[in-house]
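Values in this text are rule-based calculations from the coordinates and carry no lab data. Since we're looking at a predicted model, the values are computed, not measured. Every residue, glycine as well, gets a Cβ built from its backbone with ideal geometry; the counts of neighbours run over all protein chains shown.
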């Protein structure tokens, strides 16, 4: 009887691992191709795109991409990092108090406010770009850094408020009462007593927003535009790849330089994503 009961579970587990393995391999092949071809000459890339030998391995093309006058990758890193930091700061400062009010409120208006923000998750960002461009043009913020920061911050609010609200609902109300007994108002009580407890979900939001802003291509390409002279990592790669589309020794190293920081950051911070998402799931 025990063997009969265990056979279906073993079979299901085996099939699940096979499916996950196939999906993982399918997702890793493009990454593998990009990495190995960043260290190969043009002829080797064309003849053997999936293989690399010690004879063909060289850092020459990667260094050429770093020092290229066509695409200043260091400057692109700095610009993109600035955007990442500013968007995270504005997003957290705006979302945390809103989520606190929604989480502590019990009326239907608070629920309606939450649903209003969450509804933004169902609207693709590309759909709103055209109206956003018109609004920013009227305000004189098109092709400017403030205009781009405002758009990216607004785009991150729905998921941030949703996760903050879910986490704050698991925080005991006794902390609010203790802060009030000590003479702290609601604003000071939140930032002094409640917000420090939110470190797990804040770390999750920082990781998600950082990767989203770093990898975003459409928004900076349209809102900033080539005429602004401001290039993020993705728009800079697009300009370089478009100019050197036939020279793979320029394309693959440039792509690797763009992806590598985000990949390393995600690997180092992935445990915070799981911890933050599960932090507010233990209490309704």
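Tabulated results
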quantity	calculated
Taking the chain and dividing mean pair separation by its residue count, relative contact order in percent (alpha carbons under 8 Å, at least six apart)	28 percent
The range 138-219, relative contact order in percent, only Cα pairs under 8 angstrom and at least six apart counted	31 percent
Intensity falloff of the chain expressed as log10 I(q)/I(0), Debye formula with alpha-carbon point scatterers, at q = 0.09 Å⁻¹	-0.61
Whole-Å distance, taken between Cα centres, linking the range 30-51 and the range 216-239	27 Å
Tilt relative to the chain, helix 145-168 - C-alpha long axis, 0 to 90 degrees, to 10	50 degrees
C-alpha long axis of helix 248-279 to longest principal axis of the chain, angle in °	20 degrees
Overall form of the range 37-135 per C-alpha gyration tensor (a/c, 1.5; a/b vs b/c)	prolate
Reference-scaled alpha-carbon Rg (2.2 N^0.38 Å with N residues) for the range 63-209	1.29
Most to least packed among 208-215, 193-200 [average Cβ atoms within 10 Å]	208-215, 193-200
Order by protection proxy (mean Cβ within 10 Å, highest first), peptides 96-102, 201-207	201-207, 96-102
C-alpha center-to-center spacing [the range 68-122, the range 129-161] in angstrom	12 Å
